[in-house]
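Reading through the structure tokens given below for one structure.
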């Protein structure tokens, strides 16, 4: 237990000890907030700052109960956890934020789509399918191309494929591994030349809400990982306002406090559709550590501790880029040209403490600040070109 | 040892595990910089973030040697340390930054004044005295009033008195405790209606230098502790430039890398005099955590790791105020009106993990950011009025 002299001196239990947990701790460190992390791996990123750990699987009901017994409030930094155990924890009186009922919806992309439909939240057209009726549902799909998603288990682009009917037929004939999903599928309409936007929504325990300015996401077409994100977005003021409003509407049905990253498609014709929601701090909010009055991590701490929300205003335009393992480096690594990068004003490097790299592995991120969006883009491209993993 | 994958992955040894050490760690946390702290008290502020400690006195030569054996580079967050042990460490090949020779000068206010005089650095007139000749030196002092400082051992206003010849005579006759100093005295001219300014100077290992914008310090006349500081200062651009130039000149003679807080008196007639130098992060740079591209702590980390200096530019005007134990509260404490304070945009609270309060004890600080200096002042006064220790 860390010393703490504030009336905010509760212990926060966190399922998952990855980089999001580490950054949550870093945001609470100035006020000495106490944490305990449940994590399989003793040498996880959060362990670099906090030795207060329960070692165990995020699926292990007994370990989750143990975490609860050490915590005044419990949260999670990853969706793939034992929801039944969290529901039992909540039943027994330990607050879980966001509510486990949110996770039930989020973990299943089919339930997530139905949740949007049932709550009047615009989302791209979809159909649900099972292993038995998948071929029929695809045949009945009105367009030739579509996105096929596994209902459960996919993350970072895995379990998601952009297909044509012809390509689907070929995979089916080959009994391709990528079609195997025991929980079924979502067939989804392709977004039409859409800008991808993320709006982080904060919901306090007193139900007050706040949204971060929309930020624009750019994906690496090869790895399907986020390449960089930039705030403010390039959209009009009206479209930004529509995104914030739809994001708020999208989390309203959860009836839960928490921090929610709402990913949106904004089509050129002005249509805004919710893609998916992460009920936790998100890549698309990393920049808020340096760019905003209140970072997404500080905001989540406030929510967990029952404090008022902080200002989400952007102090400086910013961009964040993942530092990702290249295709040709495995094992130990270093950052090349670090001194050149550090000599540039307003560049912030965050590393996640991973000792080895492998292709496409997320090793860290960097954020750049500048006075205008154009300056942010040029500074970001400059740093991206320099900061190689070797 | 913390995991670290950057070529910045050295271990920094720190003499002292107080709040400055804690904030140094917090600045290095995003890149997983390793630290080891030498501190008497296992439950020091730095222990809230780093369990890698050597337990022992800052005067203990053997413990300092042990710290050195665990570190690639050694620094100190307090001046009251065993300089001979640091000189021996330096001799044996462990870099100590700033150089121990700097501490030899800084620890003795008499040597410090002579250093300024010998290096052409403007400082207020002074005379040195011993216990034997103090009365004569005071009698010969050209003004009726003066500041009497113990050469060694004073801090936070202790060992420093503002006197008249009459008051001095009374203390002398009473054999007052405050006159006892086995290392002798500095008699110093009073600054004439001066503004107190601090300029933090960074000197990298490659000898490149950088200064933070001057900030203006306001002291509580009762406790002689800093009440608040504000940046930018209210001085003219020319006077600010003069302060930065004199501060740079003041540290030049040290011929040492390091972070130096140079305190200056600026008289209404434009005269600028160096008061004293702290060779470490300083109260007057706390605001840089939130207000500046590179905080003073991040800057010191860069210096210790041999990296280029970061931009010292101010992103937003800022003020910092100490959170100090009131006269009528002892023992456990809480912060009153915390929710009201947290609801204000751009307020950042830092607590140092002290479990009990006593009159004038430094428990933490807060920083406020705003768009203009005037807004900073009004926000700061508002928070100061609310954030009481109870």
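A few comments on the model shown:
- Scanning segment B:353-363 for residues that are under 17 Å from the mean Cα position of the chain (by Cα) and within 8 Å of chain A (Cβ to nearest Cβ) turns up just one, B:363.
- Checking residue B:96 against (1) crowded, with 24+ Cβ neighbours inside 10 Å; (2) within 14 Å of another protein chain (Cβ to nearest Cβ), the condition it does not meet: (2)
- Here residue B:162 fulfils each of the conditions (1) outside any strand (DSSP E or B); (2) loosely packed, with under 14 Cβ neighbours inside 10 Å apart from (1).
- Checking residue B:59 against (1) closer than 23 Å to residue B:101 by Cβ; (2) without any contact (Cβ under 8 Å) to a residue 60 or more places away in the chain; (3) more than 14 Å from chain A (Cβ to nearest Cβ); (4) not in a loop (DSSP other than H, G, I, E, B), the condition it does not meet: (4)
- Some residue of segment A:337-345 being assigned to a loop (DSSP other than H, G, I, E, B), in contact (Cβ under 8 Å) with a residue 24 or more places away in the chain and more than 9 Å from chain B (Cβ to nearest Cβ): yes
- Residue within segment A:192-202 that is touching a helix residue (DSSP H, G or I) at 6+ places or on another chain (Cβ under 6 Å) and over 30 Å from residue A:313 (Cα atoms) present: no
- Residues of segment A:116-127 satisfying the condition of being in a strand (DSSP E or B) and either under 24 Å from the mean Cα position of the chain (by Cα) or farther than 30 Å from residue A:175 by Cα (or both): A:123, A:126
- On the stretch given as segment B:334-357, residues that are on the phi > 0 side of the Ramachandran plot and either surrounded by fewer than 22 Cβ atoms within 10 Å (Cβ to Cβ) or modelled with pLDDT under 95 (or both) total 2.
- Being in contact with a strand residue (DSSP E or B) (Cβ under 9 Å, 6 or more places away or on another chain) and outside the structural domain of residue A:179 (by TED's automatic domain parsing) is a description that applies to residue A:78.
- Selection count, segment A:115-136, where residues are surrounded by fewer than 16 Cβ atoms within 10 Å (Cβ to Cβ), over 20 Å from residue A:192 (Cβ atoms) and touching a residue at least 12 places away in the same chain (Cβ under 8 Å): 6
- Residue match in segment B:283-293 (condition: without any contact (Cβ under 8 Å) to a residue 24 or more places away in the chain and not assigned by TED's automatic domain parsing to the domain that holds residue B:20): yes
- Tallying residues that are at positive phi and part of a strand (DSSP E or B) within segment B:235-287 yields 1.
- Any hit, segment A:179-188, residues being part of a loop (DSSP other than H, G, I, E, B), out of contact with any helix residue (DSSP H, G or I) (no Cβ under 7 Å at 6 or more places or on another chain) and closer than 20 Å to residue A:267 by Cβ: no
- Residue within segment A:311-333 that is out of contact with any helix residue (DSSP H, G or I) (no Cβ under 8 Å at 6 or more places or on another chain), crowded, with 21+ Cβ neighbours inside 10 Å and facing chain B (nearest Cβ under 7 Å) present: yes
- Qualifying residue in segment A:27-47 (condition: closer than 25 Å to residue A:323 by Cα, within 11 Å of chain B (Cβ to nearest Cβ) and part of a loop (DSSP other than H, G, I, E, B)): yes
The values are calculated or read from the model by the stated rules, or taken from the named source; none is laboratory data. Computed from a predicted structure; not experimentally measured. Here the Cβ is made from the backbone with ideal geometry for all residues, glycine too, and neighbour counts use every protein chain on show.
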